[in-house]
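A.B. asks: This is the structure, below, for whatever I ask next.
Bear in mind these aren't lab numbers, they're just calculated from the coordinates by the rules spelled out. Computed from a prediction, not measured in an experiment: that's the story for all the values here. For neighbour counting, all protein chains shown are included, and Cβ atoms are generated from backbone atoms with ideal geometry for every residue, glycine included.
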Amino acid sequence: MSDNKKNLNINKKALKEKNKTLKREETRLKKEKKVLRKKEKQKIKQEKKLNDKFLAKKQKEDKFLIKQKIKEEKVKKAHLNKIAQAKYVDWFKLDNAATIYPSIKDDNWSFVVRASVLLKEQVNPEVLQQAVNDTMPRFPTFNVRLRKGIFWNYFEINNMPIKVEKETKFPCSTFNLFNFKGHIVRVLYYNNRISVECFHAISDLRAETKFFNSLLRRYFNLLGANIESSEGCLEILDLPRKEESEDAFFKYCDKSKKIKHKEEKAHKIQGTLLENGVVNATLGTMSTSKIKELAKQYNATVGEYLSAVVGYSVWKLNKNHKRPIKLSIPVDLRRFFPSATLRNFSGYVNVEIKPKQGDYTFEEILEIIKEEYKRINEKYLKGFINSNVTIQKNFFIKIVPLVIKNLIIKLCFKAWGEAYQTINISNIGFINCPKEFSNYIEKYMVNLGRPKYNAKTIGIVSFDDKLCITVSSKVKEMNLEEEIFKFLASQNLEVLIETNRRDIYGQ
Amino acid sequence: MGNKCKNCGVIVSEDLKYCPLCGKFVLKNEKDKCEEKGNSFPIYDMFYIYKEKWLKIVRAFLLLAVVLSIAINAFFYRGVLWSVYVVIGTLALWLVVFSPFNEGTNHLRRIPFSSLVIAISVILLDFFNHYQFNTPIGWGVIYTAPFVLVLGIVLSFILFLVLKNYDLNYMKSNILIMIISIIYFILRLFLLTNYVLWPTFALLIVSVTNFIVLMILKKKRVIEEINRSFHI
């Protein structure tokens, strides 16, 4: 019994000790937990403190940045307002080349030129609108409405904002020229494409691209890009300069020799007319470097080579006609006579191919074109300027009322205007713009729209390694386009073809 | 990137079914569909093309009505030249109603011009009635023409006060109406002296007052406008 009791006592003691140790451990664990909790709380507190500090810092930084941006925007806006209010001109006369364009317009045709870009991303219309609002005051010669005077038309500064529109009409559709609200520039967007169309009386394609580049630069900057280079653009914060609105034709005319045209009328491409206002635009895109290589093989420039391709294609389709085929090639006069003008300052040269004289090879046509290009020099162009300006300077012509002038100009344009051209080839060449543009822009395009009496016009422009040829046609037949692009494809060039008539070819 | 056209050797954009150059089907399968891409052009709204067409049809119809009425009047002449009314009426209708649509301008902005057209038409009709039926000159030359012009001036003045930037067209045409009303008054002083002069005088007063008010309110703008309009 006593052994049993002893054993029980021992067990009790052991249990007690176990309980004690358990209690100790429990208290230790509790203590540890408390410490851990404390540590966690401290950690959380510290983290909170750090976070708060970080957030506060960030908020401060953000606030500072926002304040800075607001300040910058305010300064910019104030500057733009200054430009808008500068009123350095209220109105100005049409330049020498522009005088004919309002007179030859009709109900559904006016001479409109278009420059477009295809972006890598979809266009943001709100940002584009902001960019247009910011850019327009810098370009007073584009910010105008056309008005009728007693003797001449004139431009008046139009302070109404230009509304960016979604493209719904055919390229280069006509403007209501004397519409009261009317700007004669429109900015359009569709998917990834931004286009600027302007009435030719305002400026030529070269100046239009300068305006367009400035608009694009502002657009990209508003989207967050940092394009500092202003190559091929104008800085929108600068005040407009007087030289930019000068009539350079008058600046460079003198009493030296004029050129006299005694030309044979040109052959006209025939076809089934599309409805008034409708234009079929076919775009061919290819590699600039490969075209350069091809042109090099013939010792020619890209412009000469492409003109020869067009000339050869037109000749192939019109071999049996008596009248000469004439390619009208515009020349940027700024290359020969330095001028900062943003208005019209271009001449042209007509290249003649005579089907009467038998068959031609491509090389022969290229030689003819190379010879004609040699004719383009300062002396020839001076003669061109002089002969144009003398007519406008004549006092008796000046005092003829506008109504009569319009009638005479219309008749003259019908008789001589496009009568000496078969097709117009406008080659802008390599576009001069900030290098950063290549991060955002896929390609440039130019379009001369529906011609008045001719069947087709061609616009060529190159950007990065993409050269884009746009053939605009007012006839249904596409054989010239087929001939041109087939020829280029046969030279091992990869030619991508697009068209504005998705309603016909895409559905 | 696109589908190759076996006929032309070019690559046709992905959003097209047919090669735009030769019309060849370029998709691999008949059931394949092409979709709108970033480089696609819109499918154009043809309404504005048809609007131009309808205006042309209206113009042609009016011209045909004029030619037909002259021809019928000439062939079946019974002592009355009624076709003159058709010609004057049609011309006025075109200039007042259809021409603004054609030029894309606002009818309100053409009120002074429209009143001038109506006044001239009324004067012509009055003289023609006198010549043809020997009716006394009166309702047109003496009353209606001056009242129409006064109405034109008053309406355009109200619009000038109410609408923003209305002055652009208002000024030029009202200066023209003032010059015409002075000539009209002088002519009336020496011709048709048997008839009442007060409507023509009222026109003169209204148009001159209108010009004076214009000069007081916008002297600089009026002078500028004249300078611009007459520049050679």
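A.B. asks: Need one number for chain B: average projected area of the convex hull over its C-alpha atoms, nm². Spell out each step's value before the answer.
C.D. replies: Values: hull surface 93.6 nm².
With the hull built on Cα positions only, its mean projection is 23.4 nm².
A.B. asks: Can you tell me which lysines have their Cα less than 22 Å from the Cα of A:K30? Leave out same-chain residues fewer than eight positions away.
C.D. replies: Reachable lysines: A:K16, A:K18, A:K20, A:K38, A:K39, A:K41, A:K43, A:K45.
A.B. asks: Further, regarding this structure: Please state the relative contact order of region B:1-107 as a whole percent: Cα pairs under 8 Å, 6+ residues apart?
C.D. replies: Rounded, it is 14 percent for region B:1-107.
A.B. asks: Follow-up question, since we're still on this one. How do A:L411, A:L146 line up, fewest other C-beta atoms within 10 Å first?
C.D. replies: A:L411, A:L146
A.B. asks: Taking chain A as the reference, fit the longest principal axis to its C-alpha atoms, fit the long axis of helix A:402-412 to the helix C-alpha atoms, and give the angle between the two in degrees, 0 to 90, nearest 10.
C.D. replies: For helix A:402-412, the angle is close to 80 degrees.
A.B. asks: Quick check for me: using +1 on Lys/Arg Cβ and -1 on Asp/Glu Cβ, what's the dipole size of region A:421-507 about its Cα centre, in debye to the nearest 20?
C.D. replies: Using Cβ point charges on Lys, Arg, Asp and Glu, region A:421-507 gives about 420 debye.
A.B. asks: Mind listing the long-range amide H neighbours of A:V144? Cut-off is under 5 Å, sequence gap 5 or more, other chains count too, H placed in the peptide plane at 1.01 Å from N.
C.D. replies: Excluding prolines and chain starts, which carry no amide H, the hits are A:N158, A:I184.
A.B. asks: Under 1.5 on a/c is rounded, so check that first for region A:393-507, then, if it is not, pick prolate when a/b is larger than b/c and oblate when it is not; a ≥ b ≥ c are the square roots of the alpha carbon gyration tensor eigenvalues.
C.D. replies: prolate
A.B. asks: Could you tell me the relative contact order of chain B? Use alpha-carbon pairs under 8 Å, at least six residues apart, and round to a whole percent.
C.D. replies: Reported relative contact order: 12 percent.
A.B. asks: Further, regarding this structure: By how many degrees, between 0 and 90 and to the nearest 10, does the Cα long axis of helix A:205-222 differ from the longest principal axis of chain A?
C.D. replies: 10 degrees
A.B. asks: Let me ask another. Please name which of A:A281, A:G459, A:L55 has its Cα lying farthest along the dipole of chain A towards the positive end, using unit charges on Cβ (Lys, Arg +1; Asp, Glu -1) and the Cα centre as origin.
C.D. replies: Farthest towards the positive end: A:L55.
A.B. asks: Additional query: Could you state the angle between the C-alpha long axis of helix B:167-190 and the longest principal axis of the C-alpha atoms of chain B, as a value from 0 to 90 degrees rounded to the nearest 10?
C.D. replies: Orientation of helix B:167-190: about 30 degrees from the principal axis.
A.B. asks: Shape of region A:201-328 from its Cα gyration tensor (a ≥ b ≥ c, root eigenvalues): rounded if a/c is under 1.5, otherwise prolate when a/b > b/c, or oblate?
C.D. replies: prolate
A.B. asks: To the nearest 20 debye, what is the magnitude of the charge dipole of the protein assembly as shown about its Cα centre, counting +1 on the Cβ of each Lys and Arg and -1 on the Cβ of each Asp and Glu? Working shown, then result.
C.D. replies: Working: 120 positive and 73 negative charges, 998 e Å.
With Lys and Arg at +1 and Asp and Glu at -1, about 4800 debye.
A.B. asks: Quick one: which of A:K163/A:K486; A:K210/B:K219; A:K120/A:K290; A:K105/A:K326; A:K242/B:K51; A:K71/A:K466 span more than 31 angstrom between C-alpha atoms?
C.D. replies: A:K163/A:K486; A:K210/B:K219; A:K242/B:K51; A:K71/A:K466
A.B. asks: A further question on this structure: For the residues A:L407, A:L128, B:L16, what sequence is obtained by ranking on other C-beta atoms within 10 Å, fewest first?
C.D. replies: By the 10 Å Cβ count, ascending: A:L407, A:L128, B:L16.
A.B. asks: Which of A:Q42, A:F92, A:Y154 sits closest to the plus end of the dipole of chain A, meaning its Cα is farthest towards the positive end, when Lys and Arg get +1 and Asp and Glu get -1 on the C-beta?
C.D. replies: About the Cα centre, the residue reaching furthest to the positive side is A:Q42.
A.B. asks: Could you give me D for chain A, from Stokes-Einstein at 10 °C and 1.306 mPa s, where the hydrodynamic radius is the Kirkwood radius over C-alpha pairs? Units µm² s⁻¹, please.
C.D. replies: Approximately 60 µm²/s, per Stokes-Einstein.
A.B. asks: Also, quick follow-up: In terms of the Cα gyration tensor, with a ≥ b ≥ c the square roots of its eigenvalues, is region A:268-380 rounded because a/c is under 1.5, prolate because a/b exceeds b/c, or oblate?
C.D. replies: Working: a/c = 1.41, a/b = 1.18, b/c = 1.20.
Cα axes put region A:268-380 in the rounded bin.
A.B. asks: To continue, here is another question. Relative contact order for chain A: what is it in percent, counting Cα pairs under 8 Å that are at least 6 residues apart?
C.D. replies: 20 percent
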